[in-house]
Amino acid sequence: MSLRGTPQKRSPTMTATTHTEKTGARTDEAATLIGDARERIDALDDRIIGLIQERMAVSAVIQEARIGSGGRRVNLAREMEVLGHYRDALGKPGTALAMTMLELCRGRI
């Protein structure tokens, strides 16, 4: 809309340019592909966040049971298993990812 409240007409060039500028692509075809792929990534990120939140809740149950039975909040042997699993699956960056996830689930030690 213009400043006066009337709809502005967009030319096809303006729409395509805006779309390619937003994605960094140099063609409309690439911009469409990138836009679609980004939507998929956003959906995957939402699922990953949901899974991490679910993992945090399960971890809280485990911690409560362990502490309630007289144990410690953190089981370092189990954390080493988790770190190894992520490292084996994702390489060195997987270890950093697992450390962040563990911190989210149990807090800082």
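The values are calculated or read from the model by the stated rules, or taken from the named source; none is laboratory data. Just so you know, these numbers come straight off a predicted model, no measurement behind them. Positions of Cβ are generated from backbone atoms using ideal geometry, with glycine treated the same way; all protein chains shown enter the neighbour counts. Accessible surface is based on the protein model in full, side chains and every heavy atom, while ligands, DNA and RNA are left aside. Shrake-Rupley method; radii C 1.70, N 1.55, O 1.52, S 1.80 Å.
The table for this structure:
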read-out	value
Tally, over segment 63-77, of residues that are under 12 Å from Arg106 (Cα atoms) and assigned to a loop (DSSP other than H, G, I, E, B)	4
The one condition in (1) over 29 Å from Thr100 (Cβ atoms); (2) at pLDDT 95 or above that Thr27 fails to fulfil	(2)
Residue in segment 66-88 that is loosely packed, with under 12 Cβ neighbours inside 10 Å and touching a Gly at 6+ places or on another chain (Cβ under 8 Å) present	yes
Single residue of Leu51, Leu44 found to be open to solvent by 90 Å² or more (accessible area, probe 1.4 Å) and closer than 30 Å to Leu102 by Cα	Leu51
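Yes/no matrix, rows are residues, columns are (1) surrounded by fewer than 10 Cβ atoms within 10 Å (Cβ to Cβ); (2) modelled with pLDDT under 95:
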residue	(1), (2)
Thr13	yes, yes
Thr18	no, yes
Glu39	no, no
Met56	no, no
Leu90	no, no
Leu102	no, no
Arg108	yes, yes
